[in-house]
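The values are calculated or read from the model by the stated rules, or taken from the named source; none is laboratory data. Only a predicted model underlies this, so the values are computations on that prediction, with no experimental measurement involved. So basically every Cβ, Gly included, is an ideal-geometry build from the backbone, and we count neighbours across all protein chains shown. These area figures cover heavy atoms from the full protein model, side chains too; ligands, DNA and RNA do not enter into them. Shrake-Rupley method; radii C 1.70, N 1.55, O 1.52, S 1.80 Å.
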Amino acid sequence: MNLQKFGIKFYLKEKENYSSRDFIPIFHRWIQGKLIPDHLLIDVADYSHVKDGPGIMLIAHEGHFSLDQENNKPGMMYMRRVECSGNFHERFDKVFFVALHAANQLHDDKEIDFYQNIFRFISNDRRLANNTKENQDLFQKEIHRILKSNFPNDKWNFSEVSKENERLGFTVNFSSDVNMLSNK
């Protein structure tokens, strides 16, 4: 599995007064404080006007952080954009923990709550991971193996598989109350 460009999204719990623009100064502070390890943070972009779009984005050399609005389900997404070393399991863990770090940082900065036992996997490379039934099965099987290694006592299922014309993606729902976000 050579996929390098993929992301993890943690879903925000609904709040009445949520405005993605409130996060612009927070992302600027992340740049100034270099708050994401091993990332060159560059700029903040406002795409909050785009329906089902990335919302507010923190641009980094290694990947992009966004307050993603896809399918009207806001969340913190980290999308890797450059290669990182290791096999797919190691790359998945790196991307997962960068997304986890960003979600925990947002929680600390703005007291934003995330669903703690759900995340979404999204491929951003149609050449290496076109959205086919075979690729969905392949990546679900591989991520199942990774999760079995990382969360050996838990169970999960895959849902919200992306539609044919979308990027390959699916949501992972843990059946237990595992708190992935507590692994700071």
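The table below gives the values:
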item	result
His101 modelled with pLDDT of 95 or more, touching a Pro at 6+ places or on another chain (Cβ under 9 Å), surrounded by 13 or more Cβ atoms within 10 Å (Cβ to Cβ) and not aromatic (Phe, Trp, Tyr)	yes
Only listed residue being modelled with pLDDT of 95 or more and among the acidic types (Asp, Glu), chosen from Glu166, Glu142, Glu70	Glu142
Selection from the range 104-114 of residues that are buried (at least 17 other Cβ atoms within 10 Å of the Cβ) and either part of a strand (DSSP E or B) or touching a Lys or Arg at 6+ places or on another chain (Cβ under 7 Å) (or both)	Asn104, Phe114
Tyr47 being among the hydroxyl-bearing types (Ser, Thr, Tyr) and touching a helix residue (DSSP H, G or I) at 6+ places or on another chain (Cβ under 8 Å)	no
Flag for Gln140 being within 17 Å of the chain's Cα centre (by Cα) and open to solvent by 70 Å² or more (accessible area, probe 1.4 Å)	no
Every residue from the range 103-159 that is within 18 Å of Met180 (Cα to Cα) and among the charged types (D, E, K, R)	Asp108, Glu111, Asp113, Arg120, Arg145, Lys148, Asp154, Lys155
Whichever residue in the range 150-167 is open to solvent by less than 70 Å² (accessible area, probe 1.4 Å) and over 15 Å from Asn71 (Cβ atoms) and, among such residues, is nearest to the chain's Cα centre (by Cα)	Phe158
Test: residue in the range 118-125 that is over 30 Å from Gly33 (Cα atoms) and open to solvent by less than 70 Å² (accessible area, probe 1.4 Å)	yes
